[in-house]
Amino acid sequence: MSRKENTIRKSYRRRKILSRFMPLLALLLLFLSFLLAVEKKGYRTDLYLKIIFNETAVLAVVATGAIFIFTLGSFDISLGAATLFSATLGILTYMESQSVFLMIFVIFISGILCSLTSSLLASFFRIPAFVTTVAMMSVLTAVSTQIITSRGGALGGISIPSGLLKPLDTPYFKLLLMALYIGIAVFIFNFTKIGRRQKFIGANPLCAKLTGIRASRYTIIAFAMAGLGVGLGAFLTLIYTPSVTSGTAGSIGMNIIVAIVFGGMPISGGADSKIYAALIGGFSYTLLNNTLKILIEGNAGYGISQMVSALFFLLLVFITSMNYRSEQLPR
Amino acid sequence: MQNSKRERRKHKFSALIRALFIPFLFAAVLSLISAANGKAMIPNRSAFHNFVIYTAIVMLTTMALSINLNSGRFDFSLGAMALFSSLIAAKLTYAVLGGGPGSAVMIFVLSLAAGACLGLISGLIYVLLRIPPIITSLGVTLIYEGAIYTITGGRYVMEEVQNASMAAFSAHAVYALIIIAAVLGLMIYLFNYTVFGFNYRALKEGQKVAVHTGIKEIPNALACYAISGGLMGMVGFMNAARNTNINGGNLNFSSVGIMFTAFLPMFIGSYIGRFINTEIGFFLAALCMSMLNSCFAAFSNQINASAQAIINALLLLLFLIYLSNENLLRNVLQNTAGKRKAADHD
């Protein structure tokens with residue numbers, strides 16, 4: 001091997017290691033910056049950590065489920081709307097039945113059904129999955145808004161009694177739920193043929209088809225996993241705030257994409273997909289936003305902090321995607 | 001020779017009929033529904049002006065979305081670009097003219113220019129960073145939304161766009177009609193009769209081959225972003241005139257909704273474009289959406305915003321189901337007709 005080849009190989013390996021550990025490094029740096037910012041302003045660290053955890057829990061859980069869909073090279077923009085819909089149906093069920101178990105059951109079932117409807121529509125009618133999810137997003141948001149405004153008024157929203165899920169509003173219980181779901185997701189994604197085949201389909205659908213893998217089966221599994229995440233996300237939302245308005249979980253749909261990319265996963269899915277990207281990315285994004293909000297005070301601070309976090313996001317993606325550069329412009 | 005000319009004329013006529021089928025279907029069905037309930041789809045002059053302005057807004061948004069989306073470049077920042085360009089234009093115009101005569105023209109020109117610049121910036125970020133356009137557009141959306149919020153403090157901008165000049169624009173359909181005609185003409189010329197258009201189509205159909213044949217992809221992509229931004233600048237201006245305000249409080253992707261409204265007309269327009277021309281297809285699709293919007297307005301007491309969103313989404317799904325299964329449907333119909341013929345023959 002020539003010296004030049006050796007140098008190129010070394011540089012490639014260095015870049016690969018950098019892009020692999022960059023998201024984790026960024027998370028650590030952001031966490032330190034956050035702690036410094038809280039310390040500097042003299043705020044209570046434990047309180048802020050709780051806020052960060054509560055803000056991220058829903059996003060991380062829903063985004064972890066979404067990774068199964070993104071791995072296939074597919075896209076789902078309706079997950080935020082599905083979270084709102086599941087939470088709305090859950091509250092509605094409680095209002096009608098006064099049963100907590102029935103409410104939780106409805107939340108999870110509706111989450112899974114919402115997600116499966118998108119996948120079934122896409123695979124049965126052969127519509128591009130992304131457009132199906134755009135339509136689903138409109139329908140789910142509109143139906144939820146209709147229920148919320150007709151049952152609770154436009155501003156007030158609908159709610160369950162505040163003490164109903166309050167005993168569950170502890171970090172340990174939420175951590176347990178998150179660990180359980182993410183544990184199952186990691187196991188399926190990294191240690192079963194489901195995950196391997198999903199990565200294969202995402203990387204090369206034609207090749208996967210020629211080797212006998214049925215993409216529709218794995219698409220349904222992916223959407224079902226995402227639906228489970230939606231259900232859990234809706235449940236965690238209700239534990240944190242027992243009421244739902246038409247704006248609940250509104251930004252989750254887009255933040256999922258940001259979190260996944262922030263966590264170092266390529267948006268095109270495939271072999272380089274990482275199940276933990278949602279967790280790392282979700283926490284990084286929330287930490288970044290909150291640190292900037294602490295540092296930049298005042299009303300305009302919201303705007304400035306969003307701009308700075310967007311620039312940081314683009315920079316991080318630029319660094320982590322250095323290995324995926326092609327001759328043509330990426331699409 | 002005579003025969004081939006006749007054939008060609010017949011083919012053109014058949015294509016025209018097929019292109020006009022969907023708009024006529026929309027007009028017939030919506031007029032019938034309105035008439036059956038004792039209402040008119042466009043009851044008065046003001047409703048007509050609104051109809052034309054809405055047609056222009058939908059047509060421009062659809063074109064802006066499709067320019068990049070057809071080339072595989074997803075752009076979430078269209079809504080933020082429309083808002084930001086109209087905000088810059090409104091602020092500058094107010095500083096110069098103070099809401100006096102000529103404000104609308106100045107806001108329009110500045111909004112168009114600002115939109116093109118914002119589009120170009122978005123394109124430059126994409127070209128320089130070389131990361132997937134969907135990710136770039138997420139970042140750009142957040143940056144533009146943040147900038148709008150910082151400038152406005154999250155409040156509505158009203159004083160700058162509430163003046164006689166702006167009111168005159170939304171009170172007369174003729175200005176929107178001029179915009180529709182000018183943009184349509186320019187887009188048809190640009191995408192069908194120029195080197196840029198030929199390159200655009202080559203890159204759209206086969207990026208790798210086109211690049212290897214020497215087509216310069218980067219200038220083409222930048223031009224696409226600038227055109228798309230310019231179109232959204234005009235949308236921003238028209239929305240400001242129509243709503244008499246600019247919403248400065250959009251944060252965390254709340255401006256992306258505008259993009260999703262263009263999906264249905266984009267698919268309808270692309271379908272109509274098979275028979276006539278894609279740009280005219282977008283115009284006819286925008287006409288359909290505007291008819292639907294006028295019908296919703298006529299039934300505003302019965303159909304609320306949520307129901308409208310559901311109807312639009314269902315229409316999108318139904319149309320896509322048809323588009324994706326068109327060949328299958330045609331085969332089934334042909335087989336049924338063939339079987340019937342065979343049975344008749346027997």
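At a glance:
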{"read-out": "The stretch A:109-254: radius of gyration over Cα atoms, expressed as a fraction of 2.2 N^0.38 Å", "value": "1.23"}
{"read-out": "Rough spin-label spacing in nm, given labels placed 7 Å along Cα→Cβ, for B:Gln162 and B:Ser4", "value": "6.6"}
{"read-out": "Greater than 31 Å apart at Cα, pairs in B:Lys91/B:Lys204; A:Lys16/A:Lys193; A:Lys40/A:Lys274; A:Lys174/A:Lys274; A:Lys274/B:Lys208", "value": "B:Lys91/B:Lys204; A:Lys40/A:Lys274"}
{"read-out": "Average silhouette area of the stretch B:303-346, convex hull of alpha-carbon atoms, in square nanometres", "value": "4.1"}
{"read-out": "Contour minus Cα-Cα distance for B:Leu177 and B:Thr244 (0.36 nm per residue)", "value": "22.2 nm"}
{"read-out": "Within chain A, helix-based [θ] at 222 nm, where runs of 4 or more DSSP H residues each add -39,500 (n - 2.57), nearest 500", "value": "-26000 deg cm²/dmol"}
{"read-out": "The stretch B:192-256 shape via C-alpha gyration tensor axes, a/c threshold 1.5", "value": "prolate"}
{"read-out": "Kirkwood hydrodynamic radius over Cα pairs of the stretch B:188-346, then Stokes diffusion coefficient at 10 °C and 1.306 mPa s, in µm²/s", "value": "81"}
{"read-out": "Inter-probe distance in nm under a simple model that places probes 7 Å from Cα toward Cβ, at B:Ala113 and B:Arg274", "value": "4.3"}
{"read-out": "The stretch B:23-73, Rg to Rh (Cα coordinates; Rh as Kirkwood inverse mean 1/r)", "value": "1.17"}
{"read-out": "Inter-label distance, nm, simple model (7 Å from Cα along the C-beta direction), A:Asn204/B:Lys12", "value": "4.9"}
{"read-out": "Taking B:Phe260, B:Phe253 and counting other C-beta atoms within 10 Å, the order from fewest to most", "value": "B:Phe260, B:Phe253"}
{"read-out": "Alpha-carbon Rg/Rh ratio, for the stretch A:22-321, with Rh computed the Kirkwood way", "value": "0.97"}
{"read-out": "Two-decimal ratio, the stretch B:74-225, of alpha-carbon radius of gyration to 2.2 N^0.38 Å", "value": "1.22"}
{"read-out": "Residues in the stretch B:155-179 reached by a label modelled at B:Asn44 [backbone nitrogen below 16 Å; 7 Å Cα→Cβ]", "value": "B:171-173"}
{"read-out": "Between 0 and 90°, nearest 10: helix B:133-152 axis offset from chain B longest Cα axis", "value": "40"}
{"read-out": "Sequence of A:Asp76, A:Asp272 once ranked by neighbouring C-beta atoms within 10 Å, starting from the fewest", "value": "A:Asp272, A:Asp76"}
{"read-out": "Distance from the stretch B:59-128 to the stretch B:175-244 (C-alpha centre basis), Å", "value": "13"}
{"read-out": "Cα-only Debye scattering, the stretch B:1-158: base-10 log of I(q)/I(0) at q = 0.10, 0.13, 0.17 Å⁻¹", "value": "-0.62, -0.88, -1.06"}
{"read-out": "Euclidean distance of C-alpha centroids, the stretch A:75-106 and the stretch A:252-281, integer Å", "value": "25"}
{"read-out": "Extended-chain gain in nm, criterion 0.36 nm per residue less alpha-carbon gap, A:Arg44 and A:Ile319", "value": "95.6 nm"}
{"read-out": "Binned Cα-Cα distance frequencies in chain B - 10 Å width, integer %", "value": "5, 22, 30, 25, 12, 4, 1, 0, 0"}
{"read-out": "R0 of 35 Å, Cβ-Cβ distance A:Thr211-A:Tyr240: FRET efficiency to nearest 0.05", "value": "0.20"}
{"read-out": "Given 11 as the ceiling on other Cβ atoms within 10 Å, longest exposed-site-free region of chain A for GluC sites (Glu not before Pro) in DSSP loops", "value": "A:1-296"}
{"read-out": "Chain B: relative contact order as a whole-number percent, Cα under 8 Å and 6+ apart", "value": "31"}
{"read-out": "Over the stretch B:267-346 - Rg/Rh using Cα atoms and the Kirkwood inverse-distance radius", "value": "1.18"}
{"read-out": "Computed [θ] at 222 nm, deg cm²/dmol, chain B (DSSP H ≥ 4; -39,500 (n - 2.57); rounded to nearest 500)", "value": "-27000 deg cm²/dmol"}
{"read-out": "Linear extension gain, A:Phe21 paired with A:Glu297, 0.36 nm per residue minus alpha-carbon span", "value": "96.2 nm"}
{"read-out": "Modelled label reach - A:Tyr172, point 7 Å along Cα→Cβ, the stretch A:232-256 residues with backbone N closer than 17 Å", "value": "none"}
{"read-out": "The protein assembly as shown - Kirkwood radius from inverse mean 1/r over Cα pairs (Å)", "value": "26.9"}
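A short reminder: the numbers here are calculations on the coordinates, not readings from a lab. None of the values given here were measured: they were computed from a predicted structure. Neighbour counts are summed over all protein chains in view; Cβ atoms, including those assigned to glycine, are modelled from backbone coordinates with ideal geometry.
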